[in-house]
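Chemist: Sharing a structure with you now.
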Amino acid sequence: QVQLVESGGGLVQAGGSLRLSCAASGSMFDFKTMAWFRQAPGKQRELVATIFPGGGTNCAPSVKDRFTISRDNAKNTLYLQMNSLKPEDTGVYFCNTPNGPWPWGQGTQVTVSS
């Protein structure tokens with residue numbers, strides 16, 4: 001049984017920064033590819049960034065050079081550092097493994113005002 005708990009969202013102005021966290025329990029976390037997804041109002045969930053067990057990463061073109069995904073395997077925790085935020089980054093952010101997925105957590109709301 002895997003539980004995913006996202007945190008760290010909030011309301012920020014355009015150009016601001018946030019750091020999101022995802023705590024994954026019961027997941028064999030260190031062996032899994034992990035990813036951040038987001039769902040904007042009225043849109044489907046989309047992939048934002050991916051990190052592989054060895055530490056390699058991929059980011060969606062829309063966030064490349066602004067977002068950084070990282071992980072702390074000892075803590076079973078995934079992070080997303082978001083800089084230079086734009087209004088179009090607004091949405092609910094979720095973590096999960098692309099290879100499943102596990103049951104989705106509640107997500108954490110990110111709202112970027114213009």
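Chemist: Quick one: which residue in S25, S21 is small (G, A, S) and at pLDDT 95 or above?
Modeler: Values: S25 fails: at pLDDT 95 or above.
None of the others qualify; the one that does is S21.
Chemist: List the strands (runs of 3 or more DSSP E) inside region 1-62, counting only whole elements, that have at least 3 residues being open to solvent by 80 Å² or more (accessible area, probe 1.4 Å) and on the phi < 0 side of the Ramachandran plot.
Modeler: Numbers: elements: 3-7, 10-13, 18-25, 34-39, 46-51, 57-59.
Those strands (runs of 3 or more DSSP E) do not exist here; none qualify.
Chemist: Does T57 satisfy the criteria of being among the β-branched types (V, I, T) and farther than 14 Å from C95 by Cα?
Modeler: Numbers: among the β-branched types (V, I, T): yes; farther than 14 Å from C95 by Cα: yes.
In short, yes.
Chemist: So how many residues does region 63-74 have that are aliphatic (A, V, I, L, M) and either within 23 Å of F31 (Cα to Cα) or open to solvent by 80 Å² or more (accessible area, probe 1.4 Å) (or both)?
Modeler: Counting residues in region 63-74 that are aliphatic (A, V, I, L, M) and either within 23 Å of F31 (Cα to Cα) or open to solvent by 80 Å² or more (accessible area, probe 1.4 Å) (or both) gives 2.
Chemist: Now a separate question. Any chance region 86-99 includes a residue that's surrounded by fewer than 19 Cβ atoms within 10 Å (Cβ to Cβ) and small (G, A, S)?
Modeler: There is no residue in region 86-99 that is surrounded by fewer than 19 Cβ atoms within 10 Å (Cβ to Cβ) and small (G, A, S).
Chemist: If you don't mind, there's one more thing I want to ask. Looking at region 103-114, can you tell me whether even one residue there is outside any strand (DSSP E or B), open to solvent by 10 Å² or more (accessible area, probe 1.4 Å), free of Cβ contacts under 8 Å to residues at least 12 places away in the same chain and of a type outside the set (G, A, S)?
Modeler: No.
The values are calculated or read from the model by the stated rules, or taken from the named source; none is laboratory data. Since this is a predicted model, take the numbers as computed values, not measurements. Here the Cβ is made from the backbone with ideal geometry for all residues, glycine too, and neighbour counts use every protein chain on show. These accessible areas exclude ligands, DNA and RNA; they are computed on the full protein's heavy atoms, side chains included. Shrake-Rupley method; radii C 1.70, N 1.55, O 1.52, S 1.80 Å.
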